[in-house]
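Report on one structure; see the data block that follows.
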Amino acid sequence: MNIEIKKSTKPVKYNDALTQLEARSKLVSQNEEKELIWILEHEPIYTAGTSYSENDIIDKTINICETNRGGKITFHGPGQLMFYFVIDLRNKNKDIRKFISAIENSIIESLKEFKIECQADRENIGIWFNNNGKLEKIAAIGVRVSKWIAYHGFCLNIKNDLEPFKKIVPCGISDKKVTNLTKISKIKFNKIDEILINKFILNLKDLIV
């Protein structure tokens, strides 16, 4: 698979990243550019997907950036790994549910490398950690598909501040908390970005028809 791998070492503004993803998706749809995987962190920002509700905002003083990805409201900031992509589904299985499953499996398989067992939830999209019987969200997924070009991606909480999530109903789910990897384990999550990339590419290969 001919995918460009891009990693940004400094935080990227959300709107700048979105502009680049949208431009890239158009070029991919015109067969003028490679598919993309882009690893980065964002400066602190609340973003709201196409199905969010005003009721999901607890602190009405915060600024919200509305976006065209799927999903509801969440927070991005330092210590959170953003895994963006622009993927052409025209030469793969045109099944969005299977594509989402490929994303979910990539995260679950990557965390297994660090002895962390997580799970997907058909009712509540994302990846969840079972903390003594209580599910806590470790990764959020938000994807847009236009003309069978998929973009946006997922975020994985590694060592980010969890306090900002108290000002919203994260992903519209009020009865479950958000967590991060450093709360779950004291080990070092070295090269987790590389592991995620490799697992994602492997799962994408399974979608090729």
Output for segment 99-159: trypsin sites (Lys or Arg not before Pro) sitting in coil per DSSP, at most 16 other Cβ within 10 Å, listed by number, reads K115, R122, K147, K159
With θ set to phi - 60°, apply the Karplus curve 6.51 cos²θ - 1.76 cosθ + 1.60 along segment 194-203 and write out the HN-Hα couplings as whole Hz, x wherever there is a Gly or Pro. 5, 5, 4, 4, 5, 5, 5, 5, 4, 5
Over 20 Å between alpha carbons, listed pairs K13/K137; K34/K72; K98/K205; K7/K176; K159/K183; K72/K183: K13/K137; K34/K72; K7/K176; K72/K183
On a C-alpha basis, how far is the centre of segment 153-180 from the centre of segment 90-147 in Å? Whole number, if you could? 15
Taking the radius of gyration and the Kirkwood hydrodynamic radius from Cα positions alone, what is the Rg/Rh ratio for segment 3-205, to two decimal places? 0.94
Once every DSSP H run of n ≥ 4 in the chain is given -39500 (n - 2.57) and the sum is divided by its residues, what mean residue ellipticity at 222 nm do you get, rounded to the nearest 500 deg cm²/dmol? -7500 deg cm²/dmol
Karplus-derived 3J(HN,Hα), 6.51/-1.76/1.60, for each residue of segment 51-57, Hz, glycine and proline x: 10, 6, 10, 4, 5, 7, 9
When the scattering of segment 29-140 is computed by the Debye formula from its Cα atoms alone, each counted once and equally, what is log10 I(q)/I(0) at q = 0.14, 0.16, 0.22 Å⁻¹? -0.75, -0.97, -1.48
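Taken together, the values in this text are just the output of simple stated rules run on the coordinates, not laboratory data. Source: prediction; values computed, not measured. In this analysis, Cβ positions are derived from the backbone assuming ideal geometry, glycine residues included, and neighbour counts consider all displayed protein chains.
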